[in-house]
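S.K.: This structure is in structure tokens; I'll ask about it shortly.
FYI, it's all coordinate maths here, none of it is from the lab. Fair warning: this is a prediction, and the values are worked out from it, not measured in the lab. Every residue, glycine as well, gets a Cβ built from its backbone with ideal geometry; the counts of neighbours run over all protein chains shown.
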Amino acid sequence: MSGFDSSSETSRRHWPDARGRYGAFGGRFVPETLMYALDELERAYRESQSDPVFQAALADYQKHYTGRPTPLYFARRFTEHLGGAKVYFKREDLAHTGAHKINNALGQCLLAKRMGKRRVIAETGAGQHGVATATAAALLGLDCDVYMGTEDIERQKLNVFRMRLLGARVISVDSGSKTLKDAINEALRDWVASVGDTHYVLGTVHGPHPFPMICRDFQSVIGREAREQILDMEGCLPDVLIACVGGGSNAIGLFHEFLDEADVAMIGVEAGGTALTPGMHAARFAGGAFGMLHGALSYVLQDEYGQIGDTHSVSAGLDYASVGPEHAWLFQSGRVQYVYAMDQEALDAFQLCSRLEGILPALESAHALAHTTKLAPMLPRDKVIIVNMSGRGDKDVQQAMRFILPEEGDQP
Ligand SMILES: *Cc1c(COP(=O)(O)O)cnc(C)c1O
């Protein structure tokens, strides 16, 4: 396991440092009352990492409940259509609840149990992390409250109902823009007052240290499996890894295992939205700047006064004004390349993958696929790309219907 040896300068896999920094990024910028909670969490997490009983329980749930390992799938028709590098999908869409988010939610809820907490809280935007947390809480018998902006509650009625079916309480947040950013603020506020018996399950690799590290480590199972699987299927490491980047958890989950492999290129794909003008996208590296949001230093979409900017993406999971601090560091150091795909490109890739492979990708994952359709044709046929299929697209069918009018039997 990784995360704590900050003495090694040679490996990128040993970050963050003792202060929770990834170079100039990350850290812990929270009210004094939360410092104790974050210290306690970091301590408990370290202990759990070397506790064979905890690790065995996690592995057991991953295997029998989540359905891990998820397959690595050679997308033959998709590859042939593009006419270049071989494209493999890492099938996180086949994990229980249909996305990678369960990896983190399950890990953190197990950690909450170990810490003797009886209640978990979470924030959610589109509802995917809320559903994953409500699921893990039901499994482990924890009370669960999910903060969600009233705007999002209105847009995501199905996921709200799902969370309630799973026994969670959905608490509406009516402040600010009434979306994810405000839900995170409210969850942090709750945690200040409830930390004695409550754990905050943060949904991506953002927030104050140690959250980005904990979430990354629980998601890194994706890359560890992918390495074994590709060695088994191709006899070599992949040439390129591609993943979409919202907060960045599915991407770092795939990348982390390979960070020290100089020959493995990595590409994170952000949401280009409808245009790269303020308010129309969520491409933090293309349009953002150094700044702070939700307790961490990173890249942030903001105006000249540091006010957090509005964002847009056809996919709710990529629609966030900041990005995990480890990605900011990987961007600055040049280890990972960050690009963006536009709404329309993602919708096109969504249809192409559905028709050629019989797999409806999440619109988030479709951003990674969109970039793959540009890159694969430019590479020779013996090169290998792994795309992280972060989630399934069933949740996005209604959204897609607003933009796509499929014709019967229409071939790409
Ligand atoms: C939430 C979500 C994302 C974006 O979150 P990351 O933390 O960047 O992974 C991507 N894909 C799916 C399917 C999601 O549900």
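S.K.: Which one, 316, 247, 358, projects farthest toward the positive side of the charge dipole computed for the chain from Cβ point charges (K/R +1, D/E -1)?
M.R.: 358
S.K.: Hand me the trypsin sites (Lys or Arg not before Pro) from region 1-105 located in a DSSP loop with no more than 10 other Cβ atoms within 10 Å, in residue order please.
M.R.: 19
S.K.: What's the center-to-center distance, using Cα atoms, between region 64-131 and region 299-352 in Å?
M.R.: 20 Å
S.K.: By average Cβ neighbour count within 10 Å, what is the ranking of 163-172, 242-251 from highest down?
M.R.: Numbers: 163-172: 17.7, 242-251: 31.6.
Descending packing order for the listed peptides: 242-251, 163-172.
S.K.: Using 7 Å Cα-to-Cβ label points, what is the residue 274/residue 177 separation (nm, one decimal)?
M.R.: About 1.5 nm, to one decimal.
S.K.: Within a 10 angstrom radius of the beta carbon, how do 11, 390 rank from fewest other beta carbons to most?
M.R.: Fewest-to-most Cβ neighbours within 10 Å comes out as 11, 390.
S.K.: D for the chain, whole µm²/s, Stokes-Einstein with Kirkwood Rh over alpha-carbon pairs at 20 °C and 1.002 mPa s: what number?
M.R.: 102 µm²/s
S.K.: Taking square-rooted eigenvalues a ≥ b ≥ c of the alpha carbon gyration tensor, is region 168-289 rounded, prolate or oblate, where a/c under 1.5 means rounded and, failing that, a/b exceeding b/c means prolate?
M.R.: Here region 168-289 falls in the oblate category.
S.K.: At a Förster radius of 45 Å, what calculated FRET efficiency corresponds to the Cβ-Cβ distance of residue 233 and residue 290, to the nearest 0.05?
M.R.: My answer for the efficiency is 0.65.
S.K.: If you don't mind, another one. In nm, to one decimal, how far is the residue 59 label point from the residue 394 one, both placed 7 Å along Cα→Cβ?
M.R.: Each label point lies 7 Å from its Cα, and together they span 3.0 nm.
S.K.: Taking 22 Å as R0, compute the FRET efficiency from the Cβ-Cβ separation of residue 332 and residue 185 and round it to 0.05.
M.R.: Once the sixth-power term is evaluated, E becomes 0.25.
S.K.: On to the next question. Which FRET efficiency, nearest 0.05, do residue 374 and residue 401 yield, Cβ-Cβ r, R0 25 Å?
M.R.: Numbers: r = 26 Å, r/R0 = 1.03.
For residue 374 and residue 401, the calculated efficiency is 0.45.
S.K.: Give me the dipole magnitude in Debye, nearest 20, for the chain about the Cα centre, with unit charges on the beta carbon: positive for Lys and Arg, negative for Asp and Glu. All intermediate terms of the calculation are to be shown ahead of the outcome.
M.R.: Working: 40 positive and 51 negative charges, 133 e Å.
The dipole magnitude comes to about 640 debye.
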